[in-house]
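Input: a single structure, listed below in structure tokens.
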Amino acid sequence: NYQDHDHVSDRPAAELLVDRANLLTLTAPEMTVLVGGMRALNANAASSPLGVFTKQPGTLTNDFFVNLLDMNTTWDKSKMCEHFYEGRDRKTDELKWMASSIDLVFGSNSQ
């Protein structure tokens, strides 16, 4: 999930991510690719599993997007934390992935 350790905000994390992209002069598609690549590489704070939608973490792949958009996965809020989401196999209900709201934005926003 998006974290700004220097400052606490009541603004939505997705809005903060867009602001950060703007400060870095990145377009929305560039930020999308950057986040997807970082998730695939497992470059998360404190080794968080959130958004690491791959069976081969540390390898630069498009697995983040492929698995995020997989129609065999259903996404629901986690019982563990209201800010987390669980990606479960549609047929078996087996837990496949954990996500933040930021991760799911990339699956729901065409821009």
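The values are calculated or read from the model by the stated rules, or taken from the named source; none is laboratory data. Since the model is a prediction, treat every value here as computed from it, not as a measurement. Neighbour counts are summed over all protein chains in view; Cβ atoms, including those assigned to glycine, are modelled from backbone coordinates with ideal geometry.
Values for this structure:
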{"item": "Ala45 vs. criteria exposed (fewer than 12 other Cβ atoms within 10 Å of the Cβ) and in contact (Cβ under 8 Å) with a residue 40 or more places away in the chain", "result": "yes"}
{"item": "Residue count, segment 50-74 (criterion: more than 18 Å from Thr32 (Cβ to Cβ) and either of a type in the set (Gly, Ala, Ser) or not in a loop (DSSP other than H, G, I, E, B) (or both))", "result": "3"}
{"item": "Cβ pairs under 8 Å, 6+ apart, first in segment 62-77 and over 12 Å from Gly51 (Cα atoms) and in contact (Cβ under 8 Å) with a residue 24 or more places away in the chain, second among the polar types (S, T, N, Q) and not in a loop (DSSP other than H, G, I, E, B)", "result": "Thr73/Asn67"}
{"item": "For Thr61: the one exception among (1) hydroxyl-bearing (Ser, Thr, Tyr); (2) exposed (fewer than 12 other Cβ atoms within 10 Å of the Cβ); (3) at pLDDT 95 or above", "result": "(2)"}
{"item": "Residues of segment 75-111 satisfying the condition of being exposed (fewer than 12 other Cβ atoms within 10 Å of the Cβ), of a type in the set (Asp, Glu) and either in contact with a helix residue (DSSP H, G or I) (Cβ under 8 Å, 6 or more places away or on another chain) or not in a loop (DSSP other than H, G, I, E, B) (or both)", "result": "Asp76"}
